[in-house]
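**Q** Before I ask anything, let me first share the structure, which is written out below as structure tokens.
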Amino acid sequence: MSSALQVHHLEPSSKVNGPGQRAVVWLQGCTLACPGCFNPLTHAPTGGASYAVDAVFQWVQSLPPDTAGLTISGGEPLQQLRPLIQLLQQVRASTTLSVILFTGYTWEEIQKMPGASALTSLVDVCITGRYQQASRLAHHLAGSANKTFHFLTHRYTPADFDQVEQAEIILAPDGEIRISGINPPVL
Ligand code: SF4
């Protein structure tokens, strides 16, 4: 039986959360409290919805065939490290999707976590560090200048991130309007 992930939102198709067309998993829950956080609705640990890891993986398997990869964001994904590793193990074993991980933890903090080596073996690019409002960057997917990029495989280079657009507006089939990206417009 798989464990569960608390999920804020699953987006099947985005072009602003990493190179190419990507699915995005925003995980729910974050205690890091960066001033100026762009997504405070993801902070409460009981917000969103709970899904079995297997159910999230079934969603991954249903993605359009031209999907280049999966982006994991939040919230703070590494506050659900064990089920996240379970999900990424299935993604690596059964798909060719690339994996990009956004986390507010620094690379040094991640190295001290139990499971760090398992995690980093399952991720292509890890973007790490707290959001710092005073050093905000509205491009490269960094969010703020202190964040560091870790290219853990040869799948992507820094130049691939230079190409990513800053924002997108998604009109969902149910009529909901969703805004995403590193520099989203205020509607
Ligand atoms: S780690 Fe991310 S979600 Fe958490 S407070 Fe900082 S910017 Fe917000």
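The values are calculated or read from the model by the stated rules, or taken from the named source; none is laboratory data. Predicted, not measured: the structure shown is a model, and the values here were computed from it. All Cβ positions, glycine included, derive from the backbone under ideal geometry; neighbour counts span all protein chains shown.
**Q** Let me confirm something: among Ile110, Ile72, which residue is closer than 18 Å to Leu152 by Cβ, crowded, with 22+ Cβ neighbours inside 10 Å, modelled with pLDDT of 95 or more and more than 11 Å from the ligand (Cβ to nearest atom)? So that I can check it myself, show each step before the final result.
**A** On the way: Ile110 fails: crowded, with 22+ Cβ neighbours inside 10 Å.
Exactly one residue qualifies, and that residue is Ile72.
**Q** Next question. For residues that are within 16 Å of the ligand (Cβ to nearest atom) and under 21 Å from Arg22 (Cα atoms), tally how many sit in region 120-139. Give the steps one after another, and end with the answer.
**A** From region 120-139, those within 16 Å of the ligand (Cβ to nearest atom) are 126-138; that's our starting set.
If we keep only those that are under 21 Å from Arg22 (Cα atoms) as well, we get 126-128, 138.
Here the count works out to 4.
**Q** Considering only residues that are at positive phi and out of contact with any helix residue (DSSP H, G or I) (no Cβ under 8 Å at 6 or more places or on another chain), look in region 8-45 and name the one that is nearest to the ligand (Cβ to nearest atom). Give the steps one after another, and end with the answer.
**A** We begin by selecting, within region 8-45, every residue at positive phi; these are 18, 20, 29, 33, 36.
With out of contact with any helix residue (DSSP H, G or I) (no Cβ under 8 Å at 6 or more places or on another chain) added as a condition, the list becomes 20, 33.
Working: Gly20: 23, Ala33: 5 Å.
Looking at the filtered set, the residue picked out is Ala33.
**Q** Oh, and also: From the list Ala138, Ala145, which one is touching a residue at least 40 places away in the same chain (Cβ under 8 Å), farther than 23 Å from Ser3 by Cβ and out of contact with any Cys (no Cβ under 8 Å at 6 or more places or on another chain)?
**A** Working: Ala145 fails: touching a residue at least 40 places away in the same chain (Cβ under 8 Å).
Of the residues listed, the single one that is touching a residue at least 40 places away in the same chain (Cβ under 8 Å), farther than 23 Å from Ser3 by Cβ and out of contact with any Cys (no Cβ under 8 Å at 6 or more places or on another chain) is Ala138.
**Q** Okay, moving on. Does at least one position in region 146-165 carry a residue that is of a type in the set (Gly, Ala, Ser), closer than 24 Å to Gly36 by Cα and surrounded by fewer than 16 Cβ atoms within 10 Å (Cβ to Cβ)? Can you show your working first?
**A** Filtering region 146-165 for residues of a type in the set (Gly, Ala, Ser) gives 159.
Next cut, closer than 24 Å to Gly36 by Cα only: none.
No, the conditions are met nowhere in region 146-165.
**Q** Could you please find all residues in region 28-74 being hydroxyl-bearing (Ser, Thr, Tyr) and farther than 30 Å from Gln133 by Cα?
**A** Applying the first criterion (hydroxyl-bearing (Ser, Thr, Tyr)) to region 28-74 yields 31, 42, 46, 50-51, 62, 67, 71, 73.
Of everything in region 28-74, those that are hydroxyl-bearing (Ser, Thr, Tyr) and farther than 30 Å from Gln133 by Cα turn out to be Ser50, Tyr51, Ser62, Thr67.
**Q** Then there's this: Going residue by residue through region 116-123, is there one that turns out to be under 19 Å from Ser98 (Cβ atoms), in contact with a His (Cβ under 8 Å, 6 or more places away or on another chain), modelled with pLDDT of 85 or more and buried (at least 19 other Cβ atoms within 10 Å of the Cβ)?
**A** There is no residue in region 116-123 that is under 19 Å from Ser98 (Cβ atoms), in contact with a His (Cβ under 8 Å, 6 or more places away or on another chain), modelled with pLDDT of 85 or more and buried (at least 19 other Cβ atoms within 10 Å of the Cβ).
**Q** Of Ser3, Ser50, which residue is more than 10 Å from the ligand (Cβ to nearest atom), in contact (Cβ under 8 Å) with a residue 60 or more places away in the chain and more than 26 Å from Asp160 (Cβ to Cβ)? Quick ask: steps written out before the conclusion?
**A** Details: Ser50 fails: in contact (Cβ under 8 Å) with a residue 60 or more places away in the chain.
Ser3 is the lone residue from the list that is more than 10 Å from the ligand (Cβ to nearest atom), in contact (Cβ under 8 Å) with a residue 60 or more places away in the chain and more than 26 Å from Asp160 (Cβ to Cβ).
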